[in-house]
Every structure is written in structure tokens, then in C-alpha cells.
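Here is the structure we will look at.
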Amino acid sequence: MKFYIVTILLFTSQVFFAQIEFKTNVSKNKLGVNQRFRIEFTVNKQGADNFKAPPFTNFKVVGGPSSSVNQSWINGKASYAQSYIYILEPKKEGEFIIAPASIEYNDQIVKSNSVKISVLKAVEIPKDPNNPEYVAQQNIHLVAEVSNLNPYVGEGIYVVYKLYVSENISVNDWRVSESPQYNGFWNQDIEVKDINVKKGKYNGEDYRYIILKRAVLIPQRDGKLKIEPMKMDFSVGIPTGRGDFFGNMITKNINYAAESPIKTVNVKALPEQGKPIDFSGAVGEFEFKVTANKNVLKANDAAQLKVEVSGKGNLKLFEIPKITTPTELEVYTPEHKEQVITSLSGLRGSISDIYTVVPQFKGKYKIPEVTFSYFNPVEEKYNTIKTEAIIVDVTEGKELPSTANNVAVTPKQQVVTNGNNFRFIALDTNLKPKIKSQFLNSNLFYLLLFLPFLAIPIGILIGKKRAERAGDVFGNKIRKADRLAKKYLSEAKKQLGNQEAFYIALEKALHNFLKAKLQVETSDISKEKISEILKEKNVDSANIKQFVEVLNDCDFARYTPTTNVMMEQEFEKAKEVITTIDKQL
């Protein structure tokens, strides 16, 4: 009995110590909203795969994913650890829970522990000239320049975003992580076609700068309106103070985030004193006119009346005055046209409504005067433009019917009844039965009746095939490796642009392809053995050489700089060599 008890205890202890551990560790649990931290997911068993990171809600990934493997043998005890590492930056203050990550081990899903992070107010970065974060902060400035911080409602202003970089550092790469928001403004971007580096001054010092973004803004309400910041991520080269063998300065690349300051615009309300009754919100400097393409025409001929506002201002944000016409003129819905150009000086051009007018009777008709009012922010006063009346002379056509008190009256026709008022009611029918045939004892009835009996032998045959396939352990193993090769090749395509993760996924795809086609375990694979086995399989030497070159590139490229174009070329090269060898095996 003692022997059995000791055996069971030893067995359970071995099982316990052989369990997989998957942990989440962070460099800090409490930090400022302007700081970053490192999160690391570590598994202690070799063979764990298909790692899936949690959704980093309320955090921005500024670095990673990267991975590392640590394997050691101390005093006869082996240890193994594989880690997946991210650098995160909080988006706002508060307490947040980072959900567990997951990984697959022995066909089971294993999850790590969750982590609680407390994000406090922004902390001051220490003024340390040896701190790369401080150096980047002092030499990179994202600036928003606003043309007018005290406009009227409807008055156009513009904002220009500039990036200032000193001569002391270099910016290797950058991207906009969050575009600015213009709440309370009508806005339209002005395309920046060419990014040219210029020289200028910032706080009295020499800087290089580029224009990143330009936009025209028109405030829609009075009060204090905020222009939210633009946020950007940078890859910055910071000088280390040391030189290489040839005397060139050695730099250290870091990830750095910056944002433009919030701009507050004090929008003034339009004055109530002197505001015209017909004012519809036009603000700027405008001209107004109403024209007809012809004033003399025949009845049932068409003329066009054009109501046009031109000039500079909020042309797209107000309605053009309407015209009124006599009842004897038939007027169609106007066609609206806009010819507006957007530039840093605002909106400029013209908008118009074109009416089609068709007279019904002979005579002269007057289209009354039309007024248009607008506010001029430069003069700070309202202006009203009044057009002249337009006379439409219809020289030929039917005479106007009798009038009473100078108002045209159209005679009404009397409705006459007769005995044929209901002559169009159908007297013959063409009815069809709703149910055409009985389902019972029909061909479809017997087919559905015997269909389950026909399905029994098909089900037995399918079951035997599945049992044979399940019993084929070696074949299943090969098929699984083939699926993994396709999967990792797909994963490599997703990781294009992420250097380390891309080459890890690409190398895994190549190894799983070999397992599927050559029936060789990963631990047995070396570049020399690959060449030998492929030669035995009658694979061309050129293809073998290309396959080995891709494997070598995966090892070499993890530790050397590369570009997205090089990674795409490497992916296409791997796909081509796998396809070529697959045809020869």
C-alpha cells in the first residue's frame, strides 16, 4: 500500500510540475497618462503556438509585438520561456483591466492572467539631457497655427499644422495617430500635395519644418470653440554622443509621440442691431444679381432666370433668395449650381439657382425685385443688395381669359354625365384555382417519403470514410502541418511592415511546409539536411538553393534594418519557391 501511495504521489507531482504556465507581466501598474509601459506574455512550454493578444482597449500600441526565447539547463534542470512583448501608451486617465491573452498548447487553449493598470494625470518628464525622451521633447514640436482666434459666426478662418524638427536629431518615420476634431465648425481640408522641408524659426531658434495639414473652418455658433489636437507617432534618431570607427555619430532610435496644443477660438455672435429681416446667414463680401436669358418670347416658349450670389465668404452655408412670379407664368423647380474654390483665404466663387419659366398667355408680366442681405465682417455691418424688376414680354399666344378686378380667371368646365360612365368595368373573369394539385400521392410526396431510407447507406459510407481518415495518424499529421504552413504564410502576409513578427511567421511557414512534404520533424531540420533530402526527391538545385536562401534571409533580417518593399519581395520569393517545390515533390 505504501508503495502504491508513493508512486501515485510521485506521478501527480510530475504532472503538476509539467503543467503549462502562461503569465502576464507589466513593467509598471501605475503611471501617468503621458508615460508608457511594457507588457510581456510569457509561456514556459515549448510547442505552444497561435498566440493571440488581448484587445488593448483604452491603450495605444506604440511598440511591438516582438518576441524572445530563453532556454537554459542548470544543475540538470531544463527551463524554457518564450515571451511576446508590447509597448503600450494609455489614451486617458482611469483604472483599466487588460484582458488575458491566449495561446494553444496540445490542442487546448490556455489563457494568461488579467492585469489592472492605474493611469494618473500627466507627469513631468525629468530634465535629463541623457534621457532620449526628454531630448525628443525638446527638439520636436507639433504646432497648430490659426489665422484668426476672434472671428464672427460664419466668418471663415484657417488652421495650418506644422512639424518643427531641430538639426540635432533626425525623424526616420512618422504617422498621424489621431486627426484633429473641429466640433462646432464647418470644415474642409485643403490637400497638401507636396511635403517640402523648409527652414524657419521656433522660439527664436533655427528649425526645419514641414506643413502636414491645412483646413478651412467656419464657426457655426458663438462662444468658445476648441480645435482638438492632432496626435502623431514618430521614430526618432537620438545622438548618443559617441562616434563609430569612421567618426560618424551613433544614434539611438526611439518611439516618440507628440500632439499639437488645443486652440480655443472665441467666436463672436452676429450683431442684432441693424439685422435685415431677410438675412439668411450669409457672411463675407458678395455680389448679387438676377438675370434672364431672354425677355421677349412666345407663349409656351421657355426662358431661364438666373439668381446668382458671387464673392468670398460662407457660400455653401446659406440659402439663395427665392423669386416670385405671376400665376400666368409656369415656374419649374430651380437647378442649383456651385462653382466654389476652397483656399486658405476661404471659400470663393459663385452659387446660383436657375429657374425655367414658361408663359401660358400673351401679355407683359413683371417679376418683382429681389433683395439679398449679408454681413461683412471686415466692415462689421450688414449690407443689402436689391435687384431691378424683370419684365417678360410674351408677344404671341392665346389671349388672357376674362379678368375681374384685374385678376385673371380661368373658366371651369362643367362635368356632364351620360349613360356610359361605368363602361370600363370588366364583365368577363379569368380566375385560376389557388391550389392546382394535391400534394398527397404526388411524385414529390413519395420522393420525400423514401429520402430518409436513401440517406442511410450514404451516411454509413461517409462514416466509414471519416473513420478511415481518423485512423490515419500519419496522414492527419501531414495534413495538419500543411494547414499550418498555409496559415503561417497568411500570418506573414498580415505582419508585412512589422519586421520581427513577419520573419518569424515566414520561417514557421517554411518549416511547416517541409514537415508536410518531406515528413521531417522540425528538430531534425538543418539547412544541409534540407538540401540532401530535396536532392533525393529530385528537386532542382536552383530551387533548393532559393529555398535555403529564404531561410537564411529570415535569420539575417531579424537583426538588420529592412523596409516594407524588402519584406514584400521576401514574401513573394517564399511563396514562389514553395509553389515550385510543391509541384516537383
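The values are calculated or read from the model by the stated rules, or taken from the named source; none is laboratory data. A quick note: this is a predicted structure, and the numbers were derived from the prediction, not measured. Note that each Cβ is placed from the backbone with ideal geometry, even for glycine, and that neighbours are counted across all protein chains shown. For the accessible areas, the whole protein counts, side chains as well, though only heavy atoms, and no ligand, DNA or RNA atoms are used. Shrake-Rupley method; radii C 1.70, N 1.55, O 1.52, S 1.80 Å.
For this structure, a couple of remarks:
- Residue match in the range 75-83 (condition: modelled with pLDDT of 85 or more and out of contact with any strand residue (DSSP E or B) (no Cβ under 7 Å at 6 or more places or on another chain)): no
- Wholly within the range 346-402, strands (runs of 3 or more DSSP E) carrying at least 1 residues that are open to solvent by less than 60 Å² (accessible area, probe 1.4 Å) and within 17 Å of THR327 (Cβ to Cβ): 346-359, 363-367, 390-394
- Residue in the range 122-142 that is under 30 Å from GLY47 (Cα atoms), open to solvent by less than 60 Å² (accessible area, probe 1.4 Å) and not in a loop (DSSP other than H, G, I, E, B) present: no
A quick yes/no check of all residues on (1) closer than 30 Å to LYS213 by Cα; (2) surrounded by fewer than 16 Cβ atoms within 10 Å (Cβ to Cβ); (3) in contact (Cβ under 8 Å) with a residue 24 or more places away in the chain:
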site: ASN300; (1), (2), (3): no, yes, yes
site: ALA303; (1), (2), (3): no, no, yes
site: GLY311; (1), (2), (3): yes, no, yes
site: LYS337; (1), (2), (3): yes, yes, no
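- Residues in the range 66-98 that are within 18 Å of ASN498 (Cβ to Cβ) and under 21 Å from the mean Cα position of the chain (by Cα): LEU88, GLU89.
- Matching residues, the range 143-187, being open to solvent by less than 40 Å² (accessible area, probe 1.4 Å) and of a type in the set (Val, Ile, Thr): VAL143, VAL146, VAL153, ILE157, VAL159, VAL160, VAL165, ILE169
- Scanning the range 331-342 turns up no residue that is of a type in the set (Lys, Arg) and over 41 Å from the mean Cα position of the chain (by Cα).
- With respect to the conditions (1) open to solvent by 50 Å² or more (accessible area, probe 1.4 Å); (2) touching a strand residue (DSSP E or B) at 6+ places or on another chain (Cβ under 7 Å); (3) among the β-branched types (Val, Ile, Thr); (4) at pLDDT below 90, THR333 falls short on a single one, namely (2).
- Here the strands (runs of 3 or more DSSP E) wholly within the range 149-195 that include at least 1 residues being in contact with an Asp or Glu (Cβ under 8 Å, 6 or more places away or on another chain) are 157-165, 170-178.
- Hits in the range 319-335 (condition: assigned to a loop (DSSP other than H, G, I, E, B) and touching a residue at least 60 places away in the same chain (Cβ under 8 Å)): THR327, GLU328
- Filter result for GLU89 (crowded, with 18+ Cβ neighbours inside 10 Å, in contact (Cβ under 8 Å) with a residue 60 or more places away in the chain and either in contact with a Lys or Arg (Cβ under 6 Å, 6 or more places away or on another chain) or not in a loop (DSSP other than H, G, I, E, B) (or both)): yes
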